[in-house]
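Colleague: Take this structure first; my questions come after.
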Amino acid sequence: MGLSVLTEEENTIRDAIHQLVRDTIAKTSAEFDRTQTFPRVNMELLGKQGYLGMIVDPKWGGSGATYLAQTLVVEAIAAADPATAVIYEVHNSLHLEGIWRYGTDLQKARYLPSLCQGTAIGAFAITEANAGSNAAALTSRAERHGDHYILNGRKMFITSAGEADRYLVFATLDPSLGERGITAFIVEKETKGLSFGPPEDKMGIRASRTSELILDSVEVPVEQRLGEEGQGYAMALYLLDGGRIGIAAQSIGIMTTALERSLAYARQREQFGETIGHYQGVQWRLADMATDLHAARMMAYEAARRREEGPSQRPLFAMAKLFASEKAVQHAADAIQIFGGYGYMREYGVERLLRDAKVTEIYEGTSEMMRLVIASRLLKNYDLDNI
Ligand SMILES: Cc1cc2nc3c(=O)[nH]c(=O)nc-3n(C[C@H](O)[C@H](O)[C@H](O)COP(=O)(O)OP(=O)(O)OC[C@H]3O[C@@H](n4cnc5c(N)ncnc54)[C@H](O)[C@@H]3O)c2cc1C
């Protein structure tokens with residue numbers, strides 16, 4: 001039957017990815033989390049099965065699917081493995097899509113096929129130690145020398161740093177120009193002068209790798225500049241709009257698992273001679289979780305449908321992320337509560353939902369930044385009838 005808001009093709013993709021995830025990614029997820037194993041095998045699998053670069057024209061190796069179809073894939077992966085979901089999301093929405101939207105034909109031909117096949121993984125590097133929410137304050141430098149640029153600086157908290165094969169790096173040609181000095185470069189892993197810090201020891205999404213990226217006189221040919229000089233910041237914001245829909249989907253995947261696990265437990269755990277699902281205190285929690293999940297899905301799917309409208313719908317993308325990520329954290333805690341003491345024990349895998357959910361309120365723009373985006377547009381000119 002499928003969801004009525006999806007096309008037949010999207011429902012088919014949704015069923016297929018859920019099946020694939022159940023048969024493969026779900027089986028290694030807990031072990032990869034425990035051992036902090038980078039799930040490259042999952043990315044290779046997703047590439048082989050045609051789930052990478054889905055929105056890209058088939059001519060460049062994609063499948064020409066809708067943005068919503070790709071969003072459904074993030075959701076399905078996240079329901080089993082939020083770490084793989086963020087690697088997938090950064091690879092697709094922040095790196096690959098950047099090359100597809102802004103690359104020259106030469107860059108597309110050179111980079112897109114391997115990114116779509118999963119034989120190369122892409123990363124996105126804008127954050128610095130002193131430029132997080134205010135990414136426009138970045139200080140990594142790019143200096144033009146004839147046919148190449150020299151990049152120097154340090155990037156913080158980069159997903160897949162050290163594992164990815166290519167990096168979309170943002171640096172400024174002149175800090176006094178502010179955002180208008182920021183320019184994007186495609187940097188290959190093996191480039192001389194590029195190195196990585198050790199993996200961060202994180203609370204959650206532990207199978208993903210997060211590290212510093214260090215640029216020490218890295219020489220990048222002019223052909224590897226993405227877009228024009230000074231366009232980098234606007235490009236980053238555009239890509240993050242899509243990224244935020246992806247993080248909403250990641251959060252929804254976590255919410256789905258929180259609800260499914262809670263329902264199963266409420267049906268079988270008995271106290272005072274009845275299953276705990278018999279008690280209204282538990283029922284109301286479950287009802288709220290299901291209602292939020294449905295609302296989060298509708299918001300994220302609508303945002304995905306309107307992705308192509310670009311920055312004019314930025315508040316819509318921010319709302320989808322804000323709502324889903326905050327609900328994911330709340331539902332993960334609710335699931336632990338429904339499981340009682342068992343929920344607190346690693347063995348049951350429910351505590352992991354909370355560890356994995358928390359970061360969705362932080363990366364690709366914190367909840368506070370999402371509120372700022374929404375409120376500033378509301379106060380300016382946002383058309384409430386058009387939401
Ligand atoms: C696991 C992980 C993976 C990541 N992956 C990547 C990646 O692949 N690439 C990349 O470039 N970056 C990545 N990041 C960085 C991430 O995007 C930043 O951490 C995030 O944008 C917040 O920046 P910050 O950590 O410097 O916090 P800060 O900006 O220092 O914020 C600290 C607190 O202050 C609040 N705050 C800041 N300014 C305001 C304001 N004006 N009004 C109200 N509140 C405010 C924030 O909301 C937050 O609560 C990753 C981060 C993590 C944790």
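The values are calculated or read from the model by the stated rules, or taken from the named source; none is laboratory data. Here the structure is a predicted model, which is why all the values come from computation and not from measurement. No Cβ is skipped: glycine too gets one built from the backbone with ideal geometry, and neighbour counts run over all protein chains shown. Just so you know, the surface numbers come from the protein's heavy atoms only, side chains and all, with ligands and any DNA or RNA stripped out. Shrake-Rupley method; radii C 1.70, N 1.55, O 1.52, S 1.80 Å.
Colleague: Quick one: 3J(HN,Hα) in Hz for region 66-80, Karplus 6.51/-1.76/1.60 with θ = phi - 60°, rounded, Gly and Pro as x.
Modeller: Per-residue couplings from phi come out as 6, 4, 5, 4, 5, 5, 5, 5, 4, 4, 5, 5, 5, 4, 9 Hz.
Colleague: Another question, if that's okay. Quickly work out the Ser217-to-Ser133 label distance, labels modelled 7 Å from Cα along the C-beta direction, and quote it in nm with one decimal.
Modeller: 3.8
Colleague: While we're looking at this one, here's another question. Taking the Cα atoms of region 16-72, what is the range of coordinates along each of the three principal axes, in descending order and whole Å?
Modeller: 38, 19, 15
Colleague: Taking only protein heavy atoms into account and a 1.4 Å probe, give the accessible area per residue of the chain in Å².
Modeller: Computed with neighbouring chains in place, this is 43 Å² per residue.
Colleague: Still on this model: Which whole number in µm²/s is D for region 267-324 by Stokes-Einstein, with the Kirkwood Rh taken over Cα pairs at 10 °C and 1.306 mPa s? Spell out each step's value before the answer.
Modeller: Numbers: Rh = 13.6 Å.
For the chosen part, D equals 117 µm²/s.
Colleague: In addition: Tell me the label-point distance for the pair Tyr348, Thr104, using the 7 Å Cα-to-Cβ offset, in nm and rounded to one decimal.
Modeller: Going from the Tyr348 label point to the Thr104 one covers 5.8 nm.
Colleague: Further question: How long, wide and thick is the chain, going by the Cα atoms along their three principal axes, in whole angstroms, largest first?
Modeller: So the three principal-axis extents are 79, 49, 40 Å.
Colleague: List every residue whose amide H lies under 5 Å from the amide H of Glu212, counting only residues 5 or more places away in sequence or on a different chain, with H placed 1.01 Å from N in the peptide plane.
Modeller: It is Phe157, Ile158, Gly197, by chain and number.
Colleague: Separate question: Find the centroid of the Cα atoms in region 175-234 and in region 258-313, then give the distance between the two in whole Å.
Modeller: If you average the Cα positions of each part, the centres end up 38 Å apart.
Colleague: Restricting attention to region 154-245, which GluC sites (Glu not before Pro) occupy a DSSP loop and are surrounded by at most 11 other Cβ atoms within 10 Å?
Modeller: When the GluC sites (Glu not before Pro) of region 154-245 are filtered for loop state and at most 11 Cβ neighbours within 10 Å, Glu190, Glu228 remain.
Colleague: For Lys59, give me every one of the lysines with a C-alpha distance below 29 angstrom, ignoring sequence neighbours fewer than eight places off in its own chain.
Modeller: Within the straight-line limit of under 29 Å, Lys59 reaches these lysines: Lys48, Lys108, Lys189.
Colleague: Another question, then. Taking only Cα atoms and a 10 Å spring cutoff, compute GNM fluctuations for the chain and point out the largest among Gln19, Gln107, Gln330.
Modeller: Gln19
Colleague: Here is a follow-up. List the relative contact order of region 65-187 as a percent without decimals, with contacts defined as Cα pairs under 8 Å and 6+ residues apart. All intermediate terms of the calculation are to be shown ahead of the outcome.
Modeller: Numbers: 171 pairs, mean separation 25.6, N = 123.
RCO, region 65-187: 21 percent.
Colleague: Continuing with this model, one more query. Cα convex hull of region 8-120: mean projected area in nm², to one decimal? Mind dumping the intermediate values first?
Modeller: Values: hull surface 25.4 nm².
Taking a quarter of the hull surface, the average projection is 6.4 nm².
Colleague: Under the definition of Cα pairs under 8 Å and six or more residues apart, what whole-number percent is the relative contact order of the chain? Could the numbers behind the result be given before it?
Modeller: Working: 723 pairs, mean separation 60.8, N = 387.
Here the relative contact order equals 16 percent.
Colleague: Right, another one. In region 124-230, carbon and sulfur make up what percent of the accessible area (probe 1.4 Å)? Walk me through the numbers on the way to the answer.
Modeller: Values: 2130 of 4670 Å².
That fraction is 46 percent.
Colleague: Along region 156-165, what does the Karplus equation 6.51 cos²θ - 1.76 cosθ + 1.60 (θ = phi - 60°) give for ³J(HN,Hα), rounded to whole Hz, x for Gly and Pro?
Modeller: Values, residue by residue: 10, 6, 8, 4, 6, 4, x, 9, 5, 8 Hz.
Colleague: To the nearest 20 Debye, how big is the dipole of the chain about its Cα centre, given +1 on the beta carbon of each Lys and Arg and -1 on that of each Asp and Glu? Spell out each step's value before the answer.
Modeller: Numbers: 41 positive and 50 negative charges, 61 e Å.
About 300 debye.
Colleague: Only helical DSSP H runs with n ≥ 4 go in: add -39500 (n - 2.57) per run for the chain, normalise by residue count and round the 222 nm mean residue ellipticity to 500 deg cm²/dmol.
Modeller: Details: 12 runs with 187 residues, N = 387.
It lands at -16000 deg cm²/dmol.
Colleague: Given DSSP loops and a limit of at most 15 other Cβ atoms within 10 Å, what is the longest stretch of the chain that contains no such chymotrypsin sites (Phe, Trp or Tyr not before Pro)? If you can, show how the numbers build up before the last one.
Modeller: On the way: sites that count: Phe272, Tyr279.
It runs 1-271.
Colleague: I would also like to ask the following. When the accessible area of region 233-386 is computed with all protein chains present and a 1.4 Å probe, what percentage of it is carbon and sulfur?
Modeller: Working: 4000 of 7090 Å².
Of the solvent-accessible surface of region 233-386, carbon and sulfur hold 56 percent.
Colleague: Let me ask you something else. What is the helix-to-structure angle for 105-117, meaning the angle in degrees between its Cα long axis and the longest Cα principal axis of the chain, kept from 0 to 90 and rounded to the nearest 10?
Modeller: So the helix axis and the longest Cα principal axis differ by about 30 degrees.
Colleague: Tell me, what ³J(HN,Hα) does each residue in region 264-270 have, in order and in whole Hz, if you take phi through Karplus 6.51 cos²θ - 1.76 cosθ + 1.60 with θ = phi - 60° and put x for Gly and Pro?
Modeller: 4, 5, 5, 7, 10, 6, 10
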